[in-house]
Amino acid sequence: MKLKVILPMLLAGIGFNAIAMDMQQQMVDMTINQMKARGDFVTLAELSGIDISTLEQGYRDSFTTCFNEEAIMQSEDDDKMNQCLMNEITTNIGVSKAKFQKWVDAAEGDEDNEEAMSPMDNWFAEMDSINEKIFALEEKQQLSAAETKQLQQLREKKLESMAKRPGVSRKEIKAITAELETLRNNN
């Protein structure tokens, strides 16, 4: 609670606009780079017939406008940000909200969640799946020989997966560091 009160006051006292503008620009750049890396602009260009550079610039302008709205950025209500982005993006690329929403829905429907997930997210999903299977078997009163063998295999798989976590974390940290370095070099 104190942080919510003190941080805005501190930022206002040391020149909110100067600091915020640089941070907001970095947020815009990072968001655009993530969208490029995921292939979002290519997918939307294929669905809409609008060229990639127009889409990218429309998104960039929209993010800049919405990220500069102090009330939206300080709000914990994601709907305000989504509403701002929907209004700005559709205006900036020159389409109706309904048409744009159709494209977004189609793009999300085509997405393969496994590809969209980070390595760490994939690791957590794998661990969740293993744990669910283990818990289901452990809840049974009596296990058959096959179920006992399956439970042992799942426990071994869980240990193997747990051993992979540091490597997965390092890969994700390297990817994030590379992305931040790219942003730093572009500024």
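Picking from residues in the stretch 51-71 that are among the small types (Gly, Ala, Ser) and open to solvent by less than 20 Å² (accessible area, probe 1.4 Å), the one that is farthest from the chain's Cα centre (by Cα) is Gly58. Filtering the stretch 116-127 to residues that are in a helix (DSSP H, G or I), open to solvent by 30 Å² or more (accessible area, probe 1.4 Å) and within 19 Å of Pro166 (Cβ to Cβ) leaves Pro119, Asp121, Asn122, Phe124, Ala125, Glu126. Taking every residue in the stretch 79-103 that is under 17 Å from Asp40 (Cβ atoms) and free of Cβ contacts under 8 Å to residues at least 40 places away in the same chain and pairing it with any residue that is open to solvent by less than 30 Å² (accessible area, probe 1.4 Å) and among the aromatic types (Phe, Trp, Tyr), at least 6 positions away or on another chain, the pairs with Cβ-Cβ distances below 6 Å are Thr90/Phe100. Being under 30 Å from Gln34 (Cα atoms), exposed (fewer than 15 other Cβ atoms within 10 Å of the Cβ) and of a type in the set (S, T, N, Q), is that true of even one residue in the stretch 154-177? Within the stretch 154-177 (the criterion being under 30 Å from Gln34 (Cα atoms), exposed (fewer than 15 other Cβ atoms within 10 Å of the Cβ) and of a type in the set (S, T, N, Q)), the answer is yes, since at least one residue qualifies.
Anything in the stretch 87-105 that is part of a helix (DSSP H, G or I) and open to solvent by less than 40 Å² (accessible area, probe 1.4 Å)? List them, or say none. Within the stretch 87-105, Ile89, Thr90, Ile93, Phe100, Trp103, Val104 qualify.
The values are calculated or read from the model by the stated rules, or taken from the named source; none is laboratory data. Treat the numbers as computed from the prediction; the structure is a model and nothing was measured. All Cβ positions, even for glycine, are placed from backbone atoms using ideal geometry, and neighbour counts span all protein chains on display. Heads up: the accessible areas ignore ligands, DNA and RNA and are worked out on the full protein's heavy atoms, side chains in. Shrake-Rupley method; radii C 1.70, N 1.55, O 1.52, S 1.80 Å.
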